[in-house]
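The values are calculated or read from the model by the stated rules, or taken from the named source; none is laboratory data. Model, not experiment: these values are computed from the prediction. FYI the Cβ positions are ideal-geometry reconstructions off the backbone, even for glycines, and counts take in every protein chain you see.
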Amino acid sequence: MQLYNTLNRRKETFHPLRPGKVGLYACGVTVYDDCHLGHARSSVVFEVLVRFLRHQGLDVTWVRNFTDIDDKIIRRAQETGVSWLEVAERYIASFQEDMAALGIPPAQIEPRATAHIPEIIDLIRRLEDKGFAYQGKEDVYFRVRRFPGYGKLSGQSLDDMLVGARIEVDPHKEDPLDFVLWKGSKPGEPAWDSPWGPGRPGWHIECSAMSMHYLGETLDLHGGGQDLVFPHHENELAQSEAATGKPFSRFWLHHGLLTINQEKMSKSLGNFFTVKEVLSRFPAEVVRFFLINAHYRSPLDFSDAALAEAEAALLRLYTCLARLEEVLGRHGDVTLPAAFDYYPDTLTLEDCARLGSLSGRFINALEDDLNTAQALGYLFETVRLLNRLLEEECAEPGYLTILFNLHRGLKEMGAVLNLLQADPASMVQSLRQKAADLQLSPEEIEELIAARAQARKDKDYAKADAIRKDLLEKGILLEDTPQGTIWRVK
């Protein structure tokens, strides 16, 4: 498997440190509000990665943390007149509720920063003993210039960081670039005892302490959004390697950000949609499909139209599966042969070869830096060929064996992506619910789309345009994609 390693800025062959076992640490959320769809992208990306690694026979330990003490949490507690702990508990529960609603299982280990204060203190003391940490007034800082590799993850020099960087002004720092490991407590703030006085951990140190506690001093994979490369992951790398003298993570994976009009979706910008808001308008599987229908390292622009396109695309997959199950159900008493020699009339030998190589090409796509977009493309290619194959329905055992194997293959590949596991007939009915009040039935819409496709093939573009216009007047938008024409309700 090839994965793009941010540390070395290239795709590299991934082999776990311990044969057959993988340790993955993915940075989680700071729990001061409901999570937005950008947080969901991170969860979906790493869940699919975990599913694929397990599908390949690897034993994966997936750790995803909660930052449950932070300036934002304390501020929210003060604004709402409740304790910081109540804020943290409320939004941890909210996150878990959102992930369950999206159909994303929890990580195996979901540690909280406040449950690992002893490990955090121990790590800071190790840094202090080696001369990498010092106490200013109340706070403890990391000496950035003492660590020679600082900047290697983000590709920045120290001078670049100083120019235009958002560096907290603190007269107690030895250097403006030094960052906080331990924050001394202020009146009214939560605090834990430490060798440096009462306080709480800085943001970066918690992830180093928790990841190494559960996965060892060298991780296989560490991931998060591209916005975490600097300073969060850069600081994690520096403090961890300074403490242990070992590489902190062999691979660093960063996914692209979810955007709205090409601007990062974030709470600070106020341009975000919560998972709850999106799920009130679109089914969970549609949302998951949307989030993996682009390469994980690419930015992904959010819109209702994009989600509607994902809904229509998913409907095409489920419609084919439902039709396939109907045909197989009608011939359930046929004994399938162990070997057969059957060539469908509706497919060429090349088409048959592509169907036969589907599973291998699907795996190859995911082995190539988790290319879910290409993997989905292979599923749609299969559906296109399968729809033609279903046109020649017969009771020939060889024919039914092909259908049986394709059905099993589609379900197995869908499981790797956490898609196509619902009952197809029920899912088709659910996805078509929006069309219930239309002037045309979904079947009539599909017939008109087929007639338009034939008109375009015959170069009768006036007729094709008339069909599109007629559908638009009836509230149906068409979009021509490489996988075929999809429709959605206006």
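Okay, here's what the table says:
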| quantity | calculated |
| --- | --- |
| Only one of I167, I120, I124 that is at pLDDT below 95 and more than 30 Å from L279 (Cα to Cα) | I167 |
| Some residue of the stretch 282-305 being crowded, with 17+ Cβ neighbours inside 10 Å, within 25 Å of T485 (Cβ to Cβ) and basic (K, R) | yes |
| G216 farther than 19 Å from I117 by Cβ and touching a residue at least 24 places away in the same chain (Cβ under 8 Å) | yes |
| The lone exception for A322 - which of (1) among the small types (G, A, S); (2) assigned by TED's automatic domain parsing to the domain that holds N405; (3) more than 17 Å from L419 (Cβ to Cβ) it fails | (3) |
| Of residues in the stretch 127-164 being among the β-branched types (V, I, T) and touching a residue at least 24 places away in the same chain (Cβ under 8 Å), the one surrounded by the fewest Cβ atoms within 10 Å (Cβ to Cβ) | V144 |
| Flag for V31 being more than 21 Å from D220 (Cα to Cα), modelled with pLDDT of 95 or more and either surrounded by fewer than 22 Cβ atoms within 10 Å (Cβ to Cβ) or in contact with a helix residue (DSSP H, G or I) (Cβ under 8 Å, 6 or more places away or on another chain) (or both) | yes |
| All positions within the stretch 104-150 that are among the small types (G, A, S) and part of a loop (DSSP other than H, G, I, E, B) | A107, G131, G136, G149 |
| Residue within the stretch 178-187 that is among the basic types (K, R) and under 30 Å from R10 (Cα atoms) present | no |
| A88 vs. criteria buried (at least 20 other Cβ atoms within 10 Å of the Cβ) and either in a helix (DSSP H, G or I) or in the same structural domain as T61 (by TED's automatic domain parsing) (or both) | yes |
| Residue within the stretch 251-259 that is modelled with pLDDT under 90 and not aromatic (F, W, Y) present | yes |
| Where a residue in the stretch 412-425 is under 22 Å from V327 (Cα atoms) and outside the structural domain of P105 (by TED's automatic domain parsing) and its partner, wherever it lies, is polar (S, T, N, Q) and buried (at least 20 other Cβ atoms within 10 Å of the Cβ), with Cβ under 8 Å and at least six apart | P424/T319 |
| Residue within the stretch 15-23 that is buried (at least 22 other Cβ atoms within 10 Å of the Cβ), more than 22 Å from F272 (Cα to Cα), in the same structural domain as Y91 (by TED's automatic domain parsing) and out of contact with any helix residue (DSSP H, G or I) (no Cβ under 7 Å at 6 or more places or on another chain) present | no |
| Residue pairs meeting the criteria (Cβ under 7 Å; at least 6 apart or on separate chains; first more than 17 Å from C207 (Cβ to Cβ), in the stretch 103-116; second of a type in the set (V, I, T)) | I104/V44 |
| Test result for V60, in a helix (DSSP H, G or I), in the same structural domain as H232 (by TED's automatic domain parsing) and at pLDDT 95 or above | no |
| Selection count where residues are at pLDDT 95 or above, surrounded by fewer than 23 Cβ atoms within 10 Å (Cβ to Cβ) and basic (K, R), scope the stretch 171-210 | 1 |
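Quick grid of which residues meet (1) outside the structural domain of V44 (by TED's automatic domain parsing); (2) modelled with pLDDT under 95; (3) assigned to a loop (DSSP other than H, G, I, E, B); (4) of a type in the set (G, A, S):
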| residue | (1), (2), (3), (4) |
| --- | --- |
| A313 | yes, yes, no, yes |
| L328 | yes, yes, no, no |
| P337 | yes, yes, yes, no |
| R354 | yes, yes, no, no |
| S359 | yes, yes, no, yes |
| Q374 | yes, no, no, no |
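Quick grid of which residues meet (1) surrounded by fewer than 19 Cβ atoms within 10 Å (Cβ to Cβ); (2) modelled with pLDDT under 75:
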{"site": "M413", "(1), (2)": "no, no"}
{"site": "A425", "(1), (2)": "yes, no"}
{"site": "K434", "(1), (2)": "yes, yes"}
{"site": "Y461", "(1), (2)": "yes, no"}
{"site": "A466", "(1), (2)": "yes, no"}
{"site": "L477", "(1), (2)": "yes, no"}
{"site": "D480", "(1), (2)": "yes, no"}
{"site": "I486", "(1), (2)": "no, yes"}
